[in-house]
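The structure under discussion appears below in the form of structure tokens.
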Amino acid sequence: MPTAEPRTAGPTELNGQPGHDDVAAVRRLADARQKIKQEVGRVIVGQSDIIDLLLVGMLCRGHVLLHGVPGLGKTLMAKTLADTLAMEFRRVQFTPDLMPSDITGTDILKEDPSSGRHSLEFLPGPVFTNFLLADEINRTPPKTQAALLQAMQESEVTVGRQTFPLPRPFFVVATQNPIEMEGTYPLPEAQVDRFMFSLRVGYPTIEEEVRIIKGTTGTAVAKATAVLGTEEVVRLQEYVRGVPIAESVVNYAARLVSATRPGCGGPAEIHKYIAYGASPRASQCLVLGAKAQALLAGRFHVDFADLKALAAPVLRHRLVLNFHARADKVDADMLVARLLAAVPQEV
């Protein structure tokens, strides 16, 4: 996510009382959220919170990192969500021999049959899509990881002396396997920071697993249908940035993120475990995500509860923990919970 993005007031700016078109658009989004979850639920059992956060990330033009063991349906979840949004979907399996050009594309030599002249023509890679699943992103070397992360940051690809814009909307979901670390290239903290959310996909309950077994071992094949189109998704992304937010809520987001930084006046019992805190990008993601969450709930304003609900997925991958945390078996989620309890809403 860029540190600053210009925006202009227009028909999607929700200043003061929302207009008739604004009300219709937000109602459309709130209704679409329920229909999307219903359609996804025809294919995916459970994971309702993950689907909500994927929608929030997509509406914010952010990108999402999924952590989970194999077999939990991460790939199918991403593909099904893309189907409900009528997005072009592509999946890239990241491997140690994957090259940057395998993602971004490359120039190929083409011959003109009539003149016999040769010229270079750009052949777009799989990154030129609406919804890209980067499967096991930590399996490929940093050079290839950086090629994808540059596309995520700039929404464009540069090959040679030419720059090519990526389609809109453009949404990346990357997955990581947390149990097998041999032969992997973990993402550096600076690159992990480019992801808006880090989400943990957990195991299903016994009841959910029974439904999964029944739904995947029979003859019937469930398929989701489109609820929104890509053009409508782009318009809704503009609406997100126009949602009003109170100064006190923005101040709370800034204080919450600042409290993660050692030496900035936060709780000492938390700083004991943190080597480096979150950057201002975390504050931006908190506020922008809270705006999207409010719209998905059919509201025209952001509440403190919206920020608190997103604190863990926004902050867990941005906190660099020290050896004290490893020794005391303290993880980022535990620290975020303590942070929410320690930082007051109002000052």
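Okay, here's what the table says:
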| quantity | calculated |
| --- | --- |
| Any hit, the range 174-189, residues being surrounded by fewer than 16 Cβ atoms within 10 Å (Cβ to Cβ), small (Gly, Ala, Ser) and not in a loop (DSSP other than H, G, I, E, B) | no |
| Where a residue in the range 253-264 is farther than 17 Å from residue 310 by Cβ and its partner, wherever it lies, is crowded, with 17+ Cβ neighbours inside 10 Å, with Cβ under 6 Å and at least six apart | 261/277; 262/271; 262/274; 264/258 |
| Residue within the range 128-151 that is part of a strand (DSSP E or B) and more than 30 Å from residue 46 (Cα to Cα) present | no |
| Condition broken by residue 79, with the remaining ones in (1) assigned to a helix (DSSP H, G or I); (2) farther than 25 Å from residue 210 by Cα satisfied | (2) |
| Residue within the range 315-326 that is assigned to a loop (DSSP other than H, G, I, E, B) and over 17 Å from residue 195 (Cβ atoms) present | yes |
| Checklist (1) surrounded by 13 or more Cβ atoms within 10 Å (Cβ to Cβ); (2) at pLDDT below 90; (3) not β-branched (Val, Ile, Thr) applied to residue 290, failing item | (2) |
| Within the range 23-36, tally of residues that are at pLDDT 80 or above and either in the same structural domain as residue 300 (by TED's automatic domain parsing) or buried (at least 18 other Cβ atoms within 10 Å of the Cβ) (or both) | 3 |
| Residue match in the range 190-203 (condition: closer than 23 Å to residue 73 by Cα, of a type in the set (Ser, Thr, Tyr) and in a loop (DSSP other than H, G, I, E, B)) | yes |
| Residues of the range 95-114 satisfying the condition of being surrounded by fewer than 13 Cβ atoms within 10 Å (Cβ to Cβ) and part of a loop (DSSP other than H, G, I, E, B) | 96, 97, 112, 113, 114 |
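To keep it simple, each residue is scored yes or no on (1) in a loop (DSSP other than H, G, I, E, B); (2) exposed (fewer than 13 other Cβ atoms within 10 Å of the Cβ); (3) in contact (Cβ under 8 Å) with a residue 12 or more places away in the chain.
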position: 214; (1), (2), (3): no, yes, no
position: 231; (1), (2), (3): no, yes, no
position: 282; (1), (2), (3): no, no, yes
position: 298; (1), (2), (3): yes, no, yes
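The values are calculated or read from the model by the stated rules, or taken from the named source; none is laboratory data. Keep in mind the model is a prediction, meaning the values are calculated, not measured. Glycine gets a Cβ as well: all are built from the backbone with ideal geometry, and neighbour counts include every protein chain shown.
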